[in-house]
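What follows is a short report on a single structure.
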Amino acid sequence: MLTLTGNILTPDGWQHGQLSFDSRVVGIIGAPLDPASNADDILLPGFIDLHVHGGGGRDVMEGADALDVITRTHARHGTTSLLATTMTAPKREIEHALNGVQRAIAQRTAGGSRVLGVHLEGPYINPGKLGAQPNFARDGILSEISGFNELAPLKVLTLAPEVQGHMELISDLVLRGIRVQLGHTLGSYEDGVEALKHGATSFTHLFNAMTGLHHREPGMVGAALAHAEYAELIPDLLHVHPGAIKAALRAIPKLYCVTDSTAAAGMPDGNYKLGRHTVTKCMGGVRLPDGTLAGSTLTLDEALRNLVGLGLDLDDAARRLSTYQAEMLGLSDRGQLKVGAHADIVVFDRNLKLKAVYVEGELIPGEQQ
């Protein structure tokens, strides 16, 4: 059994004391104390990223051993579990990726994040709002989605609700335990509200690749701000202006953060694969040749620092990197430091430099060591 000492963020607030664990949290002994009152380490729940395309030079669509590299890359930055996220592509290519993801789900890579399942981002999106998605958008068919789900468990599926047949499809997917997110959409405010009524749960990379807010046409962004409990957002300060992030934080109770990371995450500037696209990392971003933003290079330890830099309290920022994601997926044993939960732990110093990462009790080697 291992023991860590410091300022521990628990479901009941901060505790200053000791956390003991093996593969799960065994005990927490401490007393309430504001972490700002001392210089001890800060212990947070391991981060959960529900939108990961790649990292370390590898892309989820490659399948096979790409997930080994991707999960190790993100684990070194505090992501203890994630959803492997696909790109819009022909059926055969998606199936290839899912076969690789299933192998990663069945056996967690030593030194890597736990793969919880799949985020199917497309192909059931609006071809008029592809963003950086390849042009293989098509209408959703339940039988095809069921086939994908048999290859690897679909935990989240992004679709455009205004596409013919998709509103009814949302209800069918929800009955099968798949969380539906609205994204890559030209849908109206009314489409967004109706989709939520049909059971849609969240919004994919809020503000990006969806109809924006206008005071006479509120758009999909307006539906999210007015009605959503959950939405994901990329807090790299490039995809979304800080002012828009603050507006979303005030409006959406459980706004949570994702990286939408590509193969370029954790890598030097250069060219990388994103599905069928070649993207270029430079000046802190990833873009297609025409300048379109194409995912990010963000890691969740950087996201924590960005959120705190925007003025969020540390405990609030931490919940938006772990707890709300777990709640959205219906997981009670991740996203919180409590007895019985998986020992997914990130340790920071008071300057928010990452010092250590534990995935299910395993100390992850990496640059933070």
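Which one is surrounded by the most Cβ atoms within 10 Å (Cβ to Cβ) among residues in segment 288-311 that are small (Gly, Ala, Ser) and more than 18 Å from the chain's Cα centre (by Cα)? Result: GLY309. Give me the residue from segment 1-53 that is without any contact (Cβ under 8 Å) to a residue 12 or more places away in the chain and not hydroxyl-bearing (Ser, Thr, Tyr) and, out of that set, surrounded by the fewest Cβ atoms within 10 Å (Cβ to Cβ). Checking each candidate, the answer is ASP12.
Picking from residues in segment 312-334 that are touching a residue at least 12 places away in the same chain (Cβ under 8 Å) and small (Gly, Ala, Ser), the one that is surrounded by the most Cβ atoms within 10 Å (Cβ to Cβ) is SER322.
Determine, yes or no, whether SER37 is modelled with pLDDT of 95 or more, among the small types (Gly, Ala, Ser) and out of contact with any helix residue (DSSP H, G or I) (no Cβ under 9 Å at 6 or more places or on another chain). Spelling it out, it is not the case that SER37 is modelled with pLDDT of 95 or more, among the small types (Gly, Ala, Ser) and out of contact with any helix residue (DSSP H, G or I) (no Cβ under 9 Å at 6 or more places or on another chain). Restricting attention to segment 313-349, which residues are of a type in the set (S, T, N, Q), within 11 Å of ILE48 (Cβ to Cβ) and out of contact with any Pro (no Cβ under 8 Å at 6 or more places or on another chain)? Across segment 313-349, the qualifying residue is only GLN325.
Under 6 Å between Cβ atoms, which residue pairs at least 6 apart in sequence (or on different chains) link something in segment 262-288 that is within 17 Å of THR299 (Cα to Cα) with a partner that is crowded, with 16+ Cβ neighbours inside 10 Å and aromatic (Phe, Trp, Tyr)? Close Cβ pairs (under 6 Å, with a partner that is crowded, with 16+ Cβ neighbours inside 10 Å and aromatic (Phe, Trp, Tyr)) amount to ALA263/TYR272; ALA264/TYR272. Using the structure shown, decide if GLY295 is in contact with a strand residue (DSSP E or B) (Cβ under 7 Å, 6 or more places away or on another chain) and at pLDDT below 90. Answer is yes for this residue. The lone criterion from (1) in a helix (DSSP H, G or I); (2) touching a residue at least 24 places away in the same chain (Cβ under 8 Å) left unmet by GLN133 is number (1). TYR324 falls short on exactly one of the conditions (1) farther than 30 Å from GLY199 by Cα; (2) aromatic (Phe, Trp, Tyr); (3) in contact with a Phe, Trp or Tyr (Cβ under 7 Å, 6 or more places away or on another chain), and that condition is (1).
The values are calculated or read from the model by the stated rules, or taken from the named source; none is laboratory data. Since this is a predicted model, take the numbers as computed values, not measurements. Positions of Cβ are backbone-derived with ideal geometry, glycine not excepted, and every protein chain shown enters the neighbour counts.
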